[in-house]
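Down below is the structure, laid out as structure tokens.
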Amino acid sequence: SPFWPGLIEAYRDRLPVTASTPVVTLQEGATPLVPAPELSRRTGCDVYLKVEGANPTGSFKDRGMTMAITKAVEEGAQAVICASTGNTSASAAAYAARAGLVCAVLVPQGKIATGKLAQALVHGAKLLQVQGNFDDCLALASKLAIDYPVSLVNSVNQFRIEGQKTASFEIVDVLGDAPDIHCLPVGNAGNITAYWQGYREYADDGPATRRPRMFGFQAAGAAPIVSGSVVENPSTIATAIRIGNPASWTKALAARDESGGRIDAVTDRAILAAYRLLARTEAVFVEPASAASVAGLLQVAEAGELEPGQRVVCTVTGNGLKDPEWAISGAPAPVTVPVDAAAAAAQLGL
Ligand code: F0G
């Protein structure tokens, strides 16, 4: 059928739903898997981008949220809550609005991108800016979900992981098998956990004959999994992954070790370079955190640790329009001209 019904319908037999489950969907999923010729040239590999910014609220969070909100409605919840660096709150606000649920969100004050704040507000979420970082917000949201009648929709909610694993299914469905390597940015570590679960399921009893090696990348100022210890004051321009104590830490280590993969740190400088490269050469505009997957791939290649000829998928997790500040500050200021062809031509160097 040419109609895409959303990922719960598309992968119903692999998700925890029944015929009577009230599906809440915005037709998320079926995102583009775009070939990346410049990255392929630089690495000698066959590189693709899984463009998750094409989801309804502009990030991969919609995959998890269609499942989490569907199950919240099925269980009779009236209200949901999440902590967020911005994308989870945008997605939760939208899916809660669709379902007619109250949505509460806790975000670190002054540390989320403007577009994401706008999304939570426009969809009618009750938003609190917390005087702390994401890790403080998650601890607070978890406590509220225990003490009050409100369901937690962070990725510690297994239904989020179930929804997000469908990205792996889509990749195998398009490529015909799993890639050799899959690269992801890592923050709270839910997504690497979900992808690994999806790849395992499809290799165990599905269309895949093998599993990829999982490569995760954290921002250098917020890299607890790489250093092996909690980062009390995480710092990075990639605010989406500014997390010092990931909830799915041990599951990320399992994904790395079971797959023969790696989890490395990438500097903010490398993240911004990859961000610009993606926009200029592949014509894919992502938010800074999303570029960590590509920065990481290039770093591994430049270290001579990437065997050429492999098939590589990099997930780019969120849309660039959410956080346009870095696009504007990194470009020359626009020139103003009168309504005059000669003046315009002169400025354009024509
Ligand atoms: N990329 C983007 C754009 C994100 O928003 C996030 C997480 C990640 C990568 C990392 O994914 O946490 O599953 O390892 N954002 C969460 C949020 C924390 O609140 O929106 P992860």
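For the range 176-262, averaging the sequence separation of C-alpha pairs within contact (under 8 Å, six or more residues apart) and dividing by the residue count gives a relative contact order of 37 percent.
Report the paramagnetic label zone for residue 302: residues of the range 21-61 whose backbone N is under 17 Å from a point 7 Å from Cα along the Cα-to-Cβ axis. So the set is 38-45. For the range 1-154, the orientation-averaged shadow of the C-alpha convex hull comes to 11.4 nm² (one quarter of the hull surface).
P(r) tail, the range 123-279: Cα-Cα pairs separated by more than 29 Å, 24% of all pairs.
In this rough spin-label picture, where each label sits 7 Å from Cα along the Cβ direction, the residue 210-residue 75 distance is 3.9 nm.
Extension gain, residue 129-residue 102: 0.36 nm per intervening residue step, less the Cα-Cα distance, totals 8.0 nm. Across the chain, the relative contact order, built from alpha-carbon pairs under 8 Å that are at least six residues apart, equals 19 percent. How high is the relative contact order of the range 100-158? Use alpha-carbon pairs under 8 Å, at least six apart in sequence, and give a whole percent. Relative contact order of the range 100-158: 35 percent.
The length gained by stretching the chain between residue 325 and residue 20 to full extension, at 0.36 nm per residue less their Cα-Cα distance, is 105.4 nm. Taking the empirical scaling 2.2 N^0.38 Å for compact globular proteins as reference, the chain has a Cα radius of gyration ratio of 0.99. Packing here is the average count of other Cβ atoms within 10 Å per residue, and on that basis the peptides 193-200, 12-19, highest first, run 193-200, 12-19.
Note on the range 257-300: Cα convex hull, mean projected area over all directions, 3.3 nm². Taking 26 Å as the straight-line reach from the Cα of residue 126, the lysines in range (excluding those fewer than 8 positions away in the same chain) are 61, 71, 111, 116, 143, 322.
Within the listed set 178, 303, 92, the Gaussian network model of the chain (springs between alpha-carbon atoms below 10 Å) gives the highest mean-square fluctuation for 303.
Using only the Cα atoms of the range 201-312, build the gyration tensor, take square roots of its eigenvalues as a ≥ b ≥ c, and label the shape rounded, prolate or oblate: rounded if a/c is under 1.5, else prolate if a/b is larger than b/c, else oblate. Here the range 201-312 falls in the oblate category.
Since every read-out is calculated from the coordinates, none of them should be taken as a lab result. Keep in mind that what you see is a predicted model, and the values were worked out from it rather than measured. As a convention, Cβ positions derive from the backbone with ideal geometry for all residues, glycine included, and neighbour counts pool all protein chains shown.
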